[in-house]
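Before any comments, here is the structure.
The values are calculated or read from the model by the stated rules, or taken from the named source; none is laboratory data. For clarity, every value in this text was computed on a predicted model and none was experimentally measured. Here the Cβ positions follow ideal geometry from the backbone for every residue, glycine too, while neighbour counts run over all protein chains shown. Heads up: the accessible areas ignore ligands, DNA and RNA and are worked out on the full protein's heavy atoms, side chains in. Shrake-Rupley method; radii C 1.70, N 1.55, O 1.52, S 1.80 Å.
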Amino acid sequence: MIIEKNKVVSFHYRMHEIGGEKLEDSHDGEPMVYLHGYNSLIPGLEQALEGKTAGTSFEVVLPPEKAYGVRHEIGLKRIPIKHLLTKGKLMPGMIVGINTVDGPSEAVVVKVGKYNVDIDANHPLAGKTLAFDLEVTDVRDASAEEMSHGHVHGPGGHHH
Ligand code: ZN
């Protein structure tokens with residue numbers, strides 16, 4: 001069965017930054033499960049998986065535009081520490097929770113002051129070229145209910 005719209009795909013992956021360290025490895029747990037064709041993954045990953053079958057392993061390198069986007073200078077902000085969702089001691093490089101007009105999000109701490117903190121609200125992986133080692137472990141048809149919800153139900157997906 002090949003990966004196309006309305007297939008439920010399970011896959012393992014390792015992700016590292018080109019010229020950098022390993023960032024994520026799904027082999028520590030269950031494979032990632034998603035419904036293909038609903039923009040649930042970063043764009044380049046969904047494109048790379050299109051047409052593949054279960055048992056296929058391959059590698060793909062994604063520039064920022066096809067991964068987590070380019071960095072925006074507007075993402076740099078100074079906000080009161082008490083407005084952070086993350087409590088406790090702050091260190092540069094830490095990922096913290098923030099409230100935005102679009103709801104809760106994440107930002108990276110750049111500099112910590114007494115009352116304010118400089119944060120970078122760009123996605124922590126924005127601006128990075130990422131390499132993925134992918135292994136498709138399962139492909140199945142989505143149920144009518146999954147298609148109408150636009151996401152996977154059951155193991156690795158939504159429970160409701
Ligand atoms: Zn649902």
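If you scan segment 134-146, which residues turn out to be within 10 Å of the ligand (Cβ to nearest atom) and touching a residue at least 60 places away in the same chain (Cβ under 8 Å)?
GLU146
Please list, ordered by residue number, the strands (runs of 3 or more DSSP E) wholly in segment 1-58 having 3 or more residues that are open to solvent by less than 50 Å² (accessible area, probe 1.4 Å) and in contact (Cβ under 8 Å) with a residue 12 or more places away in the chain.
7-17, 32-35
Within segment 11-49, which residues are of a type in the set (D, E, K, R), over 13 Å from the mean Cα position of the chain (by Cα) and closer than 21 Å to HIS149 by Cβ?
Matches in segment 11-49: GLU30 only.
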